[in-house]
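Structure record follows, encoded as structure tokens.
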Amino acid sequence: MSPYATVMDDSQLTGQPIVLSGKGPFGGDVEIPEPLVTGGKKWSDVDRDICLHTEQFPTKRWWICFAAALSMLGVLVFSLAYLLYAGMGICGVNGPVGWGSFIINFVFWIGIGHAGTLISAVLFLFRQQWRTGINRAAEAMTLFAVACAGIFPIIHLGRAWFAYWLVPYPNARGPLWVNFNSPLAWDIFAISTYGLVSLAFWYVGLLPDLATVRDRATHPWRKKLYNVLSFNWTGSHRAWRHYESAYMILAALATPLVFSVHTIVSFDFATSVIPGWHTTIFPPYFVIGAIFSGFAMVITLMSLMRGVFNLKNYITLNHMEAMAKILMLTGMLVGFAYSTEFFMAWYSGSEWEGFVFKNRAFGPYWWAYFIMFTCNAIVPQIFWWKSMRRNTVVLFVVSILVNIGMWFERYVIVVTSLHRDFLPSSWGMYALTRWDYAILIGSFGLFFTLFLLFVRVLPVIAISEVKGVMDPKVARSAPSDAGPAAAARPQEV
Amino acid sequence: MRTEKSPSGPWGVMASFDSPGQLLSAIARAKQAGYKDMEAYTPYPNEEVIEALGHHHSKVPLLTLVAALAGGCGGFALASWVSMQAYPMNIGGRPLMSWVAFIPVTFETTVLAAGLTAAIGMILLNGLPEPYHPVFNAPGFERASQDRFFLCIEATDPKFDSKEARSFLSTLHPIEVVDVAP
């Protein structure tokens, strides 16, 4: 019996392998995994269930979400315009805290993106087939998170209209070149490479699915549009051969890339001589934190997609449980990193380092540290219980708490290290102003607007990959329903 | 390939199946019967079908390797040239050629060149975007991206005769056999 050949409903999933007693080659037991797609779906059902949302007029629920996201985006546009007009004085950054909410938001959003690449590339290389249900939406999340993140270093420059000076090209300013010894120059390369390679990876994965949307289209203009988007994909095996090869290579390239990006982001801090920043633990600590926060955001989005778009047969409880396990593991690693930092502050014997960490946990920003530690290191411990890992409400709440906790982690790193430096005479405090808050909220508006548009116009699940992990015995359509009528069959759940 | 077809006949003859297993055995039978120019169109890739059709080597890995080396050398060369020639900066007497600091940029340009080449190279090697392809003339071909597995014997095959090919394909228990208009 091949894996995934069983037909199960979503409610019958247990998260344990199915034991077939006496079916082994020597009469022993055989364990096979539970199916990745539940409800006995056929290939034609997959097309219908996933393409439906791009073919119908949007639901009222979608419009409500979109209106909310769009108004938040309006807040972003307005506050960015005012920021450019009025200057950095409207924000909270000032001596001694010269890096404020913009850097916090930048690291937060870049971190969110990392789970998408991890799911699409690392889990692909490890042959984790459950990734097929979630990789498309997670990769889209990566792209939109990188788009949000990209805003912040630019506005943090203060004079955003000079942002192109960061790009090394022959110019009429001297010529003036960037300093390749600076992590800020490395950042430009890391973030733009990350954005472009993620886009290439995402689009390569989309090609066959755009062809599916095209082939289901009834309106000639819709057919033309998706045909152009899919580059007239035919599904020939000459094409699949190159496609498989390119997809594997992109996964292999994106895997070290995802680790390099947050490593380089951490160098922005670690190459300085500020106590609390100048540590070698930062690269792995940032990468793990990024994956942790990204998985929290994936769980948030998948919970919403399961409910709103009725995709429970594709994003099953088993998928959610797998993500909960990763969340718990990375949460413990993050907690371990927090503790290691304290150990090193004590073990190094450095007076400044020791002070920064005492001040971090018990100083005036103790509440930020408390939120961070509770949400990131303690709350995910609830996933030791299987029932909690499979409870969608708990998952959703924990994912939100982790998102909050990870924002505060960056707040703690940026603010507590800067606000009390070597000279007590130059100590100070930092607070976000209303414009800092407006831009933070606005960036969520941009993220959700892009995501909501994505779910309307593109297939939210990688159709061709999901079909590949279904058993043909279950998934093929009966010969009797050959013909176009098959696509219009009512749903049998 | 399309230029070699006879002006009046079909571009090929196409049979459809409802599972990759049937497609595989059909390919094996067609090879036994002596057909060479054939192609399968399926909703998702299948390694065995790729091998059965004799599509072995993709040039994507080679192209990517070349691009990766070029990107890496280019990134490192840019950083070195800028730091040593174009804009030397003496910061506390540190060496201008501090190559360790150029590694992050070198890595990123390597991945950027390789990644874009893999994606764009794949599209171009497939001959995409291709505004017109005869297979779309086959009735019911829209299900090649949904739930049908198509095998097309192309008119360029030396053994090709549209009637013979059609009757041969009908013996493989297909769902349907159709002519593909050129």
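Readers should treat all values here as calculations from the given coordinates under stated rules, not as data from a laboratory. Because the structure is predicted, anything quoted here is derived from the model rather than measured. With ideal geometry, Cβ positions are generated from the backbone for all residues, glycine too; neighbour counts draw on all protein chains shown.
Measure up A:Lys41/A:Lys224; B:Lys31/B:Lys163; A:Lys42/A:Lys467; A:Lys41/A:Lys467 against 20 Å on the Cα-Cα distance and list the ones that go over. Among A:Lys41/A:Lys224; B:Lys31/B:Lys163; A:Lys42/A:Lys467; A:Lys41/A:Lys467, the Cα-Cα distance tops 20 Å for A:Lys41/A:Lys224. Annotation: amide H of A:Gly40 within the under-5 Å range of A:Met8, sequence separation 5 or more or interchain, hydrogens built in the peptide plane. In order along the range A:195-212, the Karplus-derived 3J(HN,Hα) couplings, from 6.51 cos²θ - 1.76 cosθ + 1.60 at θ = phi - 60°, round to x, 6, 5, 4, 5, 4, 4, 4, 6, 4, x, 6, 3, x, 6, 5, 5, 5 Hz, and Gly and Pro are given as x.
The share of C-alpha pairs in chain B whose separation exceeds 30 Å stands at 42 percent. Here the relative contact order of chain A, from alpha carbon pairs under 8 Å that lie six or more residues apart, stands at 30 percent. Average 1/r across all pairs of distinct alpha carbons in the range A:269-367, invert it, and you get the Kirkwood radius: 15.7 Å. Amide H contacts of B:Lys36: B:Lys159, each under 5 Å away and 5 or more positions distant or on a separate chain (H built 1.01 Å from N in the peptide plane; Pro and chain starts excluded). Backbone amide hydrogens, once placed in the peptide plane, bring A:Ile18 within less than 5 Å of A:Ile32, A:Glu34, excluding anything fewer than 5 places away on its chain.
Here the protein assembly as shown is described by how far its Cα atoms reach on the three principal axes: 94, 60, 54 Å, from widest to narrowest.
Between the alpha-carbon centres of the range B:43-93 and the range A:166-211 there is a gap of 14 Å. Between helix A:135-156 and chain A there is an angle of about 20 degrees, using the helix long axis and the longest principal axis of the Cα atoms. Across peptide B:11-24, the mean count of Cβ atoms from other chains lying within 10 Å of each residue's own Cβ comes to 2.
Hey, if you put +1 on the Cβ of every Lys and Arg and -1 on every Asp and Glu Cβ in chain A, which of A:Ile274, A:Thr193, A:Thr59 ends up farthest toward the positive end of that dipole? The residue sitting most towards the positive pole is A:Thr59.
3J(HN,Hα) couplings calculated from phi for the range A:443-454 with the Karplus curve 6.51 cos²θ - 1.76 cosθ + 1.60 (θ = phi - 60°) are, in sequence order, 5, 5, x, 4, 4, 6, 4, 4, 5, 5, 5, 4 Hz; Gly and Pro show x. Size descriptors for the range A:43-161 (Cα atoms only): Rg and Dmax, in that order, 19.2, 61 Å. Based on C-alpha pairs under 8 angstrom that are at least 6 apart in sequence, chain B has a relative contact order of 49 percent.
Taking every residue in A:465-475, how many Cβ atoms of other protein chains lie within 10 Å of its Cβ, on average?
The per-residue average across the peptide is 3.
The lysines whose alpha-carbon is closer than 23 Å to the alpha-carbon of A:Lys60, local same-chain residues fewer than 8 away aside, are A:Lys312.
Summing Cβ point charges (Lys, Arg +1; Asp, Glu -1) relative to the Cα centre of chain B gives a dipole of roughly 440 debye.
The HN-Hα couplings worked out from phi for the range A:302-314 by the Karplus form 6.51 cos²θ - 1.76 cosθ + 1.60 (θ = phi - 60°) are 5, 4, 5, 5, 4, x, 6, 9, 6, 10, 5, 6, 9 Hz, whole numbers, x standing for Gly and Pro. Toward the positive end of the charge dipole of the range A:36-481, with +1 on the Cβ of Lys and Arg and -1 on the Cβ of Asp and Glu, the farthest Cα among A:Val204, A:Met470, A:Ile90 is that of A:Met470. Per-residue mean of foreign Cβ neighbours for A:178-188 is 5 (Cβ atoms of other chains, 10 Å radius).
Note on the protein assembly as shown: with charges restricted to the Cβ of Lys and Arg (+1) and Asp and Glu (-1), its dipole about the Cα centre is near 740 debye. Could you tell me which of A:His319, A:Val37, A:Trp109 has its Cα farthest along the dipole of the protein assembly as shown towards the positive end, charges placed at Cβ (Lys, Arg +1; Asp, Glu -1), taken about the Cα centre? Towards the positive end, the residue furthest out is A:Trp109.
Average projection, convex hull of the Cα set of the range B:60-125: 4.6 square nanometres.
Each peptide in A:188-194, A:464-470, A:84-90 receives the mean, over its residues, of other Cβ atoms within 10 Å, and ordering these scores from highest gives A:188-194, A:464-470, A:84-90.
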